[in-house]
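Report on the structure given below.
The values are calculated or read from the model by the stated rules, or taken from the named source; none is laboratory data. Predicted model, so just to flag it, every value in this text is computed and none were measured. Cβ coordinates were reconstructed from backbone atoms using ideal geometry, including for glycine residues, and neighbour counts include every protein chain displayed. SASA here: full protein model, heavy atoms, side chains in, ligands and nucleic acids out. Shrake-Rupley method; radii C 1.70, N 1.55, O 1.52, S 1.80 Å.
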Amino acid sequence: MVFIYFILAAAITVYAAMKLSTYADVISEKSTMSGMLVGTVLLAGATSLPEVTTSVSAVLIDNPDIAIGNMLGSNLFNIFILAMFDLFYRQKRLFNEASRDHLYTAGLGLMLTLVTMIALIVRIDFTVLGIGIDALLIAALYGIGIYYIGKRPQQPAVEREAAHETVQEVGASATNSITVKRAVIGFIIAALVIMAAGTALSVLGDQIAVVTGLGSSFVGSFLIAATTSLPEAVAVFVALKLGNVNLAFGSILGSNIFNMLIIAMSDVFYRNGSILADVSASHLVTAIGITILSVLVMYTLLRKDVTSKFRYVLPSVLVVLVYFASSYFIFIG
């Protein structure tokens, strides 16, 4: 029955996240934010709510490995999602259409991952007010990075007009009829549902780890991480169907940096010292995998006008291979 309940909680999470993304899109249309910034901040934060509730509740039931594995595994899975969509829409060459401004988000994600990787190696169990110094450093770097990204000049006019025309073409009259008040209320309700479902996922994931004997690190890094990342996959699919590539990229890369902030959030609730100093060393494999995938994403964003189909798809193929290799090493570890 635990597997049935897990699948049910996952289905509820995905449905609520779809509604959350719709309401977030309605709210964002009233602002002057670009597709990149909307994806990086608003949509990324919304679709990352399952990771928040899952990781915090995992700490509260004294299973920090599921908490950290969920966050790092989600980041690994998110980049895998981006690569799979790029391969599926390979004729459109999504990375060529994406703004180079995403390099700043990807770079911030890489920096936060490297800090986490060093913390997992060095294991400094030093806390300030019960919070690990490494978690505080991650939170500080996240805040500085988001402030810098937010201050960078955007190009809202052309981008938003193009996105608006695309939305009209695909017939988004249903979302256009939603008022701001209704969107805000719907957003709050969907967020509460996601928080409840995310909590259920962590509790059920802990039970699955015990029943199957797979271990909390693998269950957190693979099973729960993939499940809580489904909202990101849905958000990217919807954004790409609307022709808004920057919204899709911003959602994935923004979710990755927000997930790193959740480490600091989880450490607040962890009362046995620094959470990164106490978890399994197998999470280092995930962190290394994320680092490799982040470098591949940044490289692909930097290059333009690649004529060869093979050369274009090669980075995305490598992302898929590294993802499965990392999952295998986590499993045998």
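Is the range 92-115 home to any residue that is over 30 Å from ALA239 (Cα atoms) and under 18 Å from the mean Cα position of the chain (by Cα)? Checked the range 92-115: at least one residue is over 30 Å from ALA239 (Cα atoms) and under 18 Å from the mean Cα position of the chain (by Cα). On the stretch given as the range 269-311, residues that are of a type outside the set (A, V, I, L, M), more than 27 Å from SER99 (Cβ to Cβ) and under 18 Å from the mean Cα position of the chain (by Cα) total 2. Remark: VAL236 matches the filter, which requires a residue to be open to solvent by less than 10 Å² (accessible area, probe 1.4 Å) and within 20 Å of the chain's Cα centre (by Cα). Of the listed requirements (1) open to solvent by 40 Å² or more (accessible area, probe 1.4 Å); (2) polar (S, T, N, Q); (3) touching a residue at least 40 places away in the same chain (Cβ under 8 Å), THR307 misses just one: (3). Counting only residues that are among the β-branched types (Val, Ile, Thr) and open to solvent by 30 Å² or more (accessible area, probe 1.4 Å), which one in the range 314-333 is nearest to ALA98 (Cα to Cα)? Here the answer is VAL317.
Listed by position, the helices (runs of 4 or more DSSP H) contained in the range 52-140 that have at least 1 residues being of a type outside the set (D, E, K, R) and within 30 Å of ALA197 (Cα to Cα) are 64-88, 102-122.
Within the range 99-117, the presence of a residue that is modelled with pLDDT of 90 or more and either basic (Lys, Arg) or touching an Asp or Glu at 6+ places or on another chain (Cβ under 6 Å) (or both) is excluded. Restricted to the range 222-288, the set of helices (runs of 4 or more DSSP H) holding at least 2 residues that are in contact (Cβ under 8 Å) with a residue 24 or more places away in the chain, touching a Gly at 6+ places or on another chain (Cβ under 8 Å) and more than 15 Å from SER74 (Cβ to Cβ) comprises 245-269, 275-278.
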